[in-house]
Structures are given as C-alpha cells and as structure tokens.
Amino acid sequence: MTDIRIGNGIDVHAIGEGLKMWLCGVLVDETKGFIAHSDGDVAIHALCDAILGALAKGDIGHHFPDSDPAYEGIDSKKLLTHVAKIAADEGYRIGNLDITICLQSPKLAPYISAMRESLAYILNTDVDAVSVKATTTEHLGYIGRGEGCLCQASVVLIK
C-alpha cells in the first residue's frame, strides 16, 4: 500500500540592501537580499514548510526558531537537509515538488536550472521531480515595489 502525503508552504521576506540574495540554494544577487534570521532563502523556507506540513510536523519556526542564536545566519540548505532527513526517517521520499517565486527583480530565468539542480541534490531526487518557476506582480504591491519576495511550495511525499 502506497502512502502519499501532500504539503504546501509559503514564506515571505523583506528585501534589504547590502545582503546576499539566496534562492533555492543559489546566489542570485550580491547587493540586495532577504532580511531574515538565517540566510533568508525564502524558497527553501517555503519548501521546508511544505515537507513538514505533509508530515504533520509543524513548521520551520517550530523546528528552527528565530529566537535561537544557533540559527542566526545559517545556510538554509542545512535546514532543508535536516527536514529531508525527518521525511526519510519516516520512510518518505520526494514524489515531486513545485515552487513559485514571486519577485519583481532580478529576473530569475538565468538561475532556474541551477535552482532545480541544487534542490534535487539536497533532496537526493531526480531534477525532473523539481519544478521552480518565477513570476512578478507587474509592479503591484510590496513585491512590485521591490520591497519583498513571496514563495509558495507544494510537495508530494511517497512512502
């Protein structure tokens, strides 16, 4: 009998000057990035929440609280590795995942392949099971003004 779990995650971070912008474990900008306790990889944070949600294990803040100095500035790839281990320890593997990044700039098309490969490597899954898409908000709202980024992730886990 196959056990299939579906999870969704969403995360938002403000953008600030003088920070590095990490998305899906890939550096996309060295002059502006996400204001966060960790490295601010909003896409990985949404994906962690999706995986944890599929497992009914709470959210990223429960596992890695921003009140804990141990996670200050941490590489979000380490967080995803830990969350993937939780899933694997329960007998689950990635069926597929889909991430949408809402960001006005920079344009992400040149980075999408590297993002997919990065996530596939971390999750020990095939790159064909990893979808990363980017969109803008046509200059509307806080995203359109370049003040922040929103990411949504969905994942299917299979046991």
Number of the condition not met by G95 [criteria: (1) among the small types (G, A, S); (2) farther than 16 Å from G7 by Cα; (3) in contact with a strand residue (DSSP E or B) (Cβ under 7 Å, 6 or more places away or on another chain)]
(2)
Taking interchain pairs and intrachain pairs at least six residues apart, which have beta carbon atoms under 9 angstrom, with the first residue in the stretch 127-149 and over 20 Å from D41 (Cβ atoms) and in a helix (DSSP H, G or I) and the second among the hydrophobic types (A, V, I, L, M, F, W, C) and modelled with pLDDT of 95 or more?
D128/A120
With K57, K85, K77 as the choices, which residue is in contact with a strand residue (DSSP E or B) (Cβ under 9 Å, 6 or more places away or on another chain), of a type outside the set (A, V, I, L, M) and modelled with pLDDT of 95 or more?
K77
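Rundown of residues vs (1) more than 13 Å from the chain's Cα centre (by Cα); (2) among the β-branched types (V, I, T), yes/no style:
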| site | (1), (2) |
| --- | --- |
| I4 | yes, yes |
| I10 | no, yes |
| L19 | yes, no |
| T31 | yes, yes |
| F34 | no, no |
| L52 | no, no |
| D59 | no, no |
Please indicate, with yes or no, whether at least one residue in the stretch 76-89 is in contact with an Asp or Glu (Cβ under 7 Å, 6 or more places away or on another chain) and in contact (Cβ under 8 Å) with a residue 40 or more places away in the chain.
yes
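The values are calculated or read from the model by the stated rules, or taken from the named source; none is laboratory data. None of the values given here were measured: they were computed from a predicted structure. Cβ coordinates were reconstructed from backbone atoms using ideal geometry, including for glycine residues, and neighbour counts include every protein chain displayed.
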